[in-house]
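Heads up, the thing below is written out as structure tokens.
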Amino acid sequence: METASHTVSPELAERYRSIRHATEEITLPLQVEDYGVQPFEWVSPPKWHLAHTTWFFETLILLPYLRGYRRYDPHYHFLFNSYYEGLGAHARQDRRGTYSRPTVEEVRRYRHLVDIALEEFLATEDGRTHAVADLVELGLHHEQQHQELLLTDIKSILHQNPCRPAYRIDAVEKADWSPAADDAGGWLEMEGGVREIGWTGEGFAFDNEKPRHAVLLRDFRIARSPVPNYRWLAFMEDGGYERPELWTSDGWECVKREGWRAPLYWEPGQGRRGDWREFTFGGMAAVDPDAPVRHISWYEADAFARWAGARLPTEAEWETACAADAAGLPGRGRVWEWTASAYLPYPGYRPLPGAASEYNGKFMCNRMVLRGGSSATPEGHARPGYRNFFAADARWQFTGLRLARDP
Ligand SMILES: [Fe+2]
């Protein structure tokens with residue numbers, strides 16, 4: 001894969017250990033019964049995440065590069081390959097929750113033994129090549145993506161339980177942030193022209209962030225902060241979910257079919273009208289009016305923007321606004337922000353070589369780009385050029401929006 005022309009970092013093994021450990025830590029508050037549950041096709045059981053991220057290192061690094069390495073268990077290749085068709089048959093995504101074996105303990109042992117093999121390999125001559133270092137780097141960024149998915153999937157798993165158990169009773173989930181100084185509202189005025197977006201050449205980037213290329217932008221305005229819950233409540237009270245003129249055709253069909261009346265995880269309270277509660281990692285809590293709205297689909301973000309007399313920013317506008325300020329866009333990193341951009345290859349896009357070619361490129365159809373990051377994104381994982389992507393009806397990620405306007 002093409003990353004910065006770095007030398008093989010002596011810290012790589014240390015980062016490997018620390019990032020793998022961080023994944024384990026996310027699962028610590030779980031009970032063993034939580035590990036195998038799959039409430040929806042798109043949610044993976046925590047046990048599967050633990051095994052799949054391990055399979056990734058085993059399959060992309062140990063098998064091809066460590067002479068004499070044999071798979072820990074040949075069945076795991078079928079069970080824990082997610083979607084790499086070039087690597088052979090794999091279990092169906094919607095069946096991941098039906099496998100009671102391997103047990104959590106066996107998966108932990110798998111992780112442990114692959115970690116030992118990989119760390120020993122990184123200390124050898126063959127393990128210190130750029131090819132291996134690039135794949136370890138990819139595997140670590142993959143692991144961090146799964147750390148966020150673990151959290152969003154755990155939230156879904158606990159929420160579908162009528163007991164609404166808390167992930168951690170002391171979890172804050174940043175839902176109770178008080179508005180920061182940079183959330184004073186208002187708009188950033190951006191001048192149009194030929195601008196460049198994409199990987200700047202510094203540090204790691206996925207193939208979908210490359211190559212850097214020119215885009216033509218008109219003058220635009222972009223909101224200084226993501227849309228807060230009190231604005232979303234106003235949209236709801238103004239009949240936002242009942243007015244077809246605000247919605248795209250697909251969005252309106254989806255709202256009717258799913259019966260959406262509020263963001264995912266919101267429930268009407270027992271008190272006065274507008275008294276909503278939401279499921280958080282700490283259990284049910286009052287909706288904080290000042291926190292950014294979360295768990296909305298692209299369809300809802302788009303309808304809200306229309307209701308507000310605005311629109312969603314394109315990803316090029318978003319990245320340009322972010323780059324215009326050394327500190328980036330205010331409020332960035334609180335929620336993933338839906339953009340108006342379909343997830344498509346940049347001009348000149350080339351997928352990674354080999355098995356990793358399936359990592360990003362084959363999803364460039366029927367997905368929308370999100371920018372920013374969320375409270376569940378591991379520290380240092382996201383960057384201004386990072387292109388997250390989900391289907392327009394996805395709501396279980398920490399997704400919100402920021403408005404844009406023509407001048
Ligand atoms: Fe994966």
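How many of the residues in region 363-377 are at pLDDT 95 or above and surrounded by fewer than 20 Cβ atoms within 10 Å (Cβ to Cβ)? Qualifying residue count for the region: 5. MET284 satisfies every condition listed in (1) surrounded by fewer than 15 Cβ atoms within 10 Å (Cβ to Cβ); (2) within 17 Å of ALA392 (Cβ to Cβ) except (2). Being touching a residue at least 60 places away in the same chain (Cβ under 8 Å), within 16 Å of the ligand (Cβ to nearest atom) and surrounded by fewer than 23 Cβ atoms within 10 Å (Cβ to Cβ) is the filter here, so list the residues in region 60-77 that pass it. Scanning region 60-77 gives a single hit, LEU60.
Close contacts from region 132-159, counting a first residue that is away from the ligand (no atom under 11 Å from the Cβ) and a second that is basic (Lys, Arg), with Cβ to Cβ under 8 Å and a gap of 6+ residues or different chains, come to LEU140/ARG15; LEU158/ARG164. From ALA382, ALA356, which residue is crowded, with 21+ Cβ neighbours inside 10 Å and either closer than 23 Å to PHE57 by Cβ or charged (D, E, K, R) (or both)? One residue alone meets the criteria, ALA356. The listed residues are GLY97, GLY127, and the only one of them that is over 25 Å from ALA382 (Cα atoms), at pLDDT below 95 and away from the ligand (no atom under 16 Å from the Cβ) turns out to be GLY127.
Filtered by the rule that a residue be surrounded by fewer than 19 Cβ atoms within 10 Å (Cβ to Cβ) and of a type in the set (Asp, Glu), region 320-342 gives a lone residue, ASP325. The set of residues in region 25-59 that are of a type outside the set (S, T, N, Q), within 16 Å of the ligand (Cβ to nearest atom) and assigned to a helix (DSSP H, G or I) comprises ILE26, PRO46, LYS47, TRP48, HIS49, LEU50, ALA51, HIS52, TRP55, PHE56, PHE57, GLU58. Considering region 105-163, and only residues there that are under 27 Å from the mean Cα position of the chain (by Cα) and β-branched (Val, Ile, Thr), the residue that is surrounded by the fewest Cβ atoms within 10 Å (Cβ to Cβ) turns out to be THR152. Of the residues making up region 209-242, those that are over 22 Å from MET190 (Cβ atoms) and in contact (Cβ under 8 Å) with a residue 12 or more places away in the chain are LYS210, PRO211, ASN229, TYR230, TRP232, LEU233, PHE235, MET236, GLU237, ASP238, GLY240, TYR241. For the structure I just gave you, tell me whether GLU237 is out of contact with any helix residue (DSSP H, G or I) (no Cβ under 9 Å at 6 or more places or on another chain), under 21 Å from PHE398 (Cα atoms) and not hydrophobic (A, V, I, L, M, F, W, C). Criteria not met by GLU237.
The values are calculated or read from the model by the stated rules, or taken from the named source; none is laboratory data. For clarity, every value in this text was computed on a predicted model and none was experimentally measured. We place every Cβ from the backbone using ideal geometry, glycine too, and count neighbours over all the protein chains shown.
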